[in-house]
Each structure stands twice: as structure tokens, then as C-alpha cells.
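Q: Before I ask anything, here is the structure I am working with.
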Amino acid sequence: YFNNETVLYLDGKFVKASESSTDLYGQTLHYGYGAFEGIRSYETEHGTKVFKAEEHYERLKKSCELVKIPFNYTVQELVEATYELLEKNNLKNAYIRPLVYCAPNMSLTKPTSVSLMIAVWDWGAYLGEKLLRLTVSSYCRPHPKSIHIEAKICGHYVNSILATTEAKEKGFDEALLLDSDGFLAEGPGANLFFEKDGKLFTPQLGNILPGITRSTVLELADELDLEVEQGKFTKEDMFQADSAFYCGTAAEVVGIASVDDYQFPTNWNDSLGKKLQNAYSLLVREPLKQNPFN
Ligand code: PMP
């Protein structure tokens, strides 16, 4: 993720990653009490574009607010810092990882002081280019009354790591998690859509991370006049579907071949997911209409 030349943004300054360190007594390290984002930038005909930068930093702000972590930045200053950071690291197509983490404090009270870092690196297709073979996880997504499921909080990702590890140990590419009531929820780092009889279905908000890519896919589906139903769906609903896909910033739009023993019958190239994958790929590379520094 970094070499001797890599530059980080840390508390308002650009510093060398190789010369940066953190303390061992922070609440983020011990308790997973921190918030982060995952953003991508793309090379366009008119320069680098950070896709939906404002939406991602707004979500970071909201994540912090929901769990009472101070957020001392404006979205605009972080967007500008991100563009500058990409330039300093000579990156155009990049993955961008902002992290808000807490200063030393071993108590279980809200932090007095926090830091914000942004790292950038070159990251190819997160789940690969191939169609995915999924397995339904034995782990369910955390109950929304236990945590703020709509926030992107570090500690929530223990659940994602457990599900991914279990899926890979069973020989699958990726997990699919149900919610605590047994309805379809999402992947460890992506949202789910499936197609049946020319219509799309996706789990409603409430038990999932409200993905920014999920919103983009809903907008694209609307532009393409595709019908989408958001609701509570079961595994059995999905086991009658024609095709399915995951979407997320890191994964982008990626087709699903099968879930456990069920193979989706429609050829991916003929699916609505493929149409949306193409539309997404074009949209993220569309030049910005407005200067991001305004
Ligand atoms: N669900 C989970 C659990 C995730 O970690 C992610 C990745 N942030 C997503 C869905 C997709 O969200 P987004 O499209 O905003 O990247």
C-alpha cells in the first residue's frame, strides 16, 4: 500500500507514510472505535475525478456523528485534500481510504481528541473480474439495535472479516450475509441486487450499509427505465432469480454466478446487471461538470 515515496494526509498536513506512526493506546486500535470510508478516483478525459467525493465525506461525517466521534473538518476541505493527495502521489485511478481514529484513551467514553488520515493507493478490481461464487454465511449482519448499521465503523468489519474468511475456507469467492431476521442483507463489503423476470430487487435500508454505489445503481436503473423493488427478500426469493450482482465502491459492479448450489440461469452478458455494469463504468469516467475546488 505504500513505499518510501508515499504521501499521506494526516491532521491537515501532507506527510511521508514511511515516517508516520500512531500510538498503541488508542480506542480505535483496542475497541474498533473509529470511522472510515472507501472512495475511488478515475482518470477522465479532463483530469482525475474522485467519484461522489462529497457523498463519501458526508457519510464519514454522519458515521462519526452517529457514534459521537468528533468530526472537525468540512467536507469541502477533505475533498480538496484528496485531490491534492492524489497529485502528490501521482495517482489517477486510485482507492482512497480516509480514517478517523481516536487519541490515547483506554476508557469506554467518547474521545476527547481524534485524528484523520487519508491514504491513497492503486487497487484493481477488489473482488476480481470473474463472476463470483457465493455462499450464505453462518454469520448474520449485526442487529441494528446493537450498533449503527448505517455507519461505516471500524469494529463492524470484524463481522465482514469472519464471513469472508468462512466463505474462503469453504472454497467460495465471497460471502452473502442475512440480517438477524433471516432476510437477505448484503456482502461483507458490497450491496446485493438480483433480477427476476426483467425486474430488479434489492434489500431495503435498515439492516445494511446504505451503499453509495447502491444509490448510483438505483439512479442508473431509473435512467435506463428498469424497475427496481426495495424490500425484504428471502434466500428462497433469490434461489428463483435469473441473475444477481454485488456493487460497492471497491468492487464496482460484479456479477454473481452462484450462491451455494444455486446457479443463476441467465448468461451474465444478457443480464440487467451487465447493462448496469457498463453504465456504471461509463459514469465514473465521465468528466466532472464542475471544478471540485469551487
Ligand atoms: N456494504 C458494506 C458492508 C460495505 O462495507 C460496503 C463498502 N463500503 C458496501 C456495502 C458498499 O458501499 P459503497 O457503495 O458506499 O462503497
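The values are calculated or read from the model by the stated rules, or taken from the named source; none is laboratory data. Remember, it's a predicted structure, so these values are computed and weren't measured experimentally. When we count neighbours, we look across all protein chains shown, and the Cβ atoms used for this are built from the backbone with ideal geometry, even at glycine.
Q: One residue is enough: does the stretch 271-289 have a residue meeting the conditions at pLDDT below 95, more than 13 Å from the ligand (Cβ to nearest atom) and basic (K, R)?
A: yes
Q: Hey, another quick one. Looking at (1) part of a loop (DSSP other than H, G, I, E, B); (2) away from the ligand (no atom under 12 Å from the Cβ); (3) in contact with a Leu (Cβ under 9 Å, 6 or more places away or on another chain); (4) closer than 28 Å to L86 by Cβ, which one does C140 not meet, given that it meets all the others?
A: (4)
Q: What residue, among those in the stretch 234-248 that are more than 16 Å from the ligand (Cβ to nearest atom) and of a type outside the set (A, V, I, L, M), is surrounded by the most Cβ atoms within 10 Å (Cβ to Cβ)?
A: Taking the stretch 234-248 and keeping what is more than 16 Å from the ligand (Cβ to nearest atom), we get 234-243.
In the following step, the residues that additionally are of a type outside the set (A, V, I, L, M) were identified as 234-237, 239-240, 242-243.
Values: T234: 12, K235: 15, E236: 8, D237: 15, F239: 13, Q240: 11, D242: 18, S243: 23.
Taking the candidates together, the pick is S243.
Q: I'm trying to understand the selection: among the residues of the stretch 22-49, which are in contact with a Gly (Cβ under 7 Å, 6 or more places away or on another chain) and among the aromatic types (F, W, Y)?
A: Across the stretch 22-49, the qualifying residues are Y31, Y33.
Q: Here's a follow-up. Being at pLDDT below 95, of a type outside the set (D, E) and not assigned by TED's automatic domain parsing to the domain that holds C247: is that true of S21 here? Give the steps one after another, and end with the answer.
A: Numbers: at pLDDT below 95: yes; of a type outside the set (D, E): yes; not assigned by TED's automatic domain parsing to the domain that holds C247: yes.
Judged against the criteria, S21 is a match.
Q: State the number of residues belonging to the stretch 204-230 that are away from the ligand (no atom under 15 Å from the Cβ) and at negative phi. Break it down into steps so the answer makes sense when it comes.
A: Filtering the stretch 204-230 for residues away from the ligand (no atom under 15 Å from the Cβ) gives 222-229.
If we keep only those that are at negative phi too, we end up with 222-224, 226-229.
Matching residues across the stretch 204-230 total 7.
Q: Please name all residue pairs, on different chains or six or more residues apart, with Cβ atoms under 7 Å, provided the first residue is in the stretch 70-85 and is under 14 Å from F293 (Cβ atoms) and the second residue is at pLDDT below 95.
A: V79/P292; E80/F293; Y83/P292
Q: Name the one entry in E236, E186, E223, E229 that is modelled with pLDDT of 95 or more, within 17 Å of the chain's Cα centre (by Cα) and acidic (D, E).
A: Sole residue among the options that is modelled with pLDDT of 95 or more, within 17 Å of the chain's Cα centre (by Cα) and acidic (D, E): E186.
Q: Show the residue pairs that are 6+ apart or on different chains and have beta-carbon atoms under 8 Å apart, the first residue being within the stretch 132-160 and farther than 21 Å from G38 by Cα, the second being acidic (D, E) and loosely packed, with under 15 Cβ neighbours inside 10 Å.
A: As it stands, the answer is L134/D260; T135/D260; V136/D260, since those pairs meet every condition given.
Q: Moving to a separate point now. Which of the residues that make up the stretch 164-203 are more than 14 Å from the ligand (Cβ to nearest atom), under 13 Å from Q230 (Cβ atoms) and crowded, with 16+ Cβ neighbours inside 10 Å?
A: Of everything in the stretch 164-203, those that are more than 14 Å from the ligand (Cβ to nearest atom), under 13 Å from Q230 (Cβ atoms) and crowded, with 16+ Cβ neighbours inside 10 Å turn out to be F183, F194, L200, F201.
Q: Against the condition at pLDDT 95 or above, over 30 Å from L282 (Cβ atoms), crowded, with 16+ Cβ neighbours inside 10 Å and more than 15 Å from the ligand (Cβ to nearest atom), how does T6 come out, does it pass? Quick ask: steps written out before the conclusion?
A: Details: at pLDDT 95 or above: yes; over 30 Å from L282 (Cβ atoms): yes; crowded, with 16+ Cβ neighbours inside 10 Å: yes; more than 15 Å from the ligand (Cβ to nearest atom): yes.
For T6, the condition - at pLDDT 95 or above, over 30 Å from L282 (Cβ atoms), crowded, with 16+ Cβ neighbours inside 10 Å and more than 15 Å from the ligand (Cβ to nearest atom) - is met.
So that you can scan it fast, the table gives a plain yes or no per residue for (1) among the acidic types (D, E); (2) touching a strand residue (DSSP E or B) at 6+ places or on another chain (Cβ under 8 Å):
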site: G198; (1), (2): no, no
site: P203; (1), (2): no, yes
site: E236; (1), (2): yes, no
site: A250; (1), (2): no, yes
site: S258; (1), (2): no, yes
site: W268; (1), (2): no, yes
site: G273; (1), (2): no, yes
site: R285; (1), (2): no, yes
site: P292; (1), (2): no, yes
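Q: Anything in the stretch 13-52 that is in contact with a helix residue (DSSP H, G or I) (Cβ under 8 Å, 6 or more places away or on another chain) and more than 30 Å from N159 (Cβ to Cβ)? List them, or say none.
A: Matches in the stretch 13-52: F14, T48, K49.
Q: Are any of the residues in the stretch 257-275 surrounded by 15 or more Cβ atoms within 10 Å (Cβ to Cβ), hydrophobic (A, V, I, L, M, F, W, C) and under 25 Å from E58 (Cβ atoms)?
A: For the stretch 257-275, residues surrounded by 15 or more Cβ atoms within 10 Å (Cβ to Cβ), hydrophobic (A, V, I, L, M, F, W, C) and under 25 Å from E58 (Cβ atoms): absent.
Q: Name the pairs: first residue in the stretch 211-237 and free of Cβ contacts under 8 Å to residues at least 60 places away in the same chain and under 14 Å from Y280 (Cα atoms), second residue small (G, A, S) and surrounded by fewer than 20 Cβ atoms within 10 Å (Cβ to Cβ), Cβ to Cβ under 8 Å, at least 6 apart or on different chains?
A: E223/A279; L224/A279
Q: Could you name every one of the strands (runs of 3 or more DSSP E) located completely within the stretch 12-70 that has at least 3 residues being surrounded by 15 or more Cβ atoms within 10 Å (Cβ to Cβ)? Before the answer, list the steps.
A: Working: elements: 13-16, 39-44, 47-50.
It comes to 39-44, 47-50.
Q: Can you tell which of K62, K52, K110, K68 is modelled with pLDDT of 95 or more and either farther than 19 Å from G211 by Cβ or in contact with a Leu (Cβ under 7 Å, 6 or more places away or on another chain) (or both)? First the steps, then the outcome.
A: Numbers: K62 fails: either farther than 19 Å from G211 by Cβ or in contact with a Leu (Cβ under 7 Å, 6 or more places away or on another chain) (or both); K52 fails: either farther than 19 Å from G211 by Cβ or in contact with a Leu (Cβ under 7 Å, 6 or more places away or on another chain) (or both); K110 fails: modelled with pLDDT of 95 or more.
Selected residue: K68, the only one of K62, K52, K110, K68 that is modelled with pLDDT of 95 or more and either farther than 19 Å from G211 by Cβ or in contact with a Leu (Cβ under 7 Å, 6 or more places away or on another chain) (or both).
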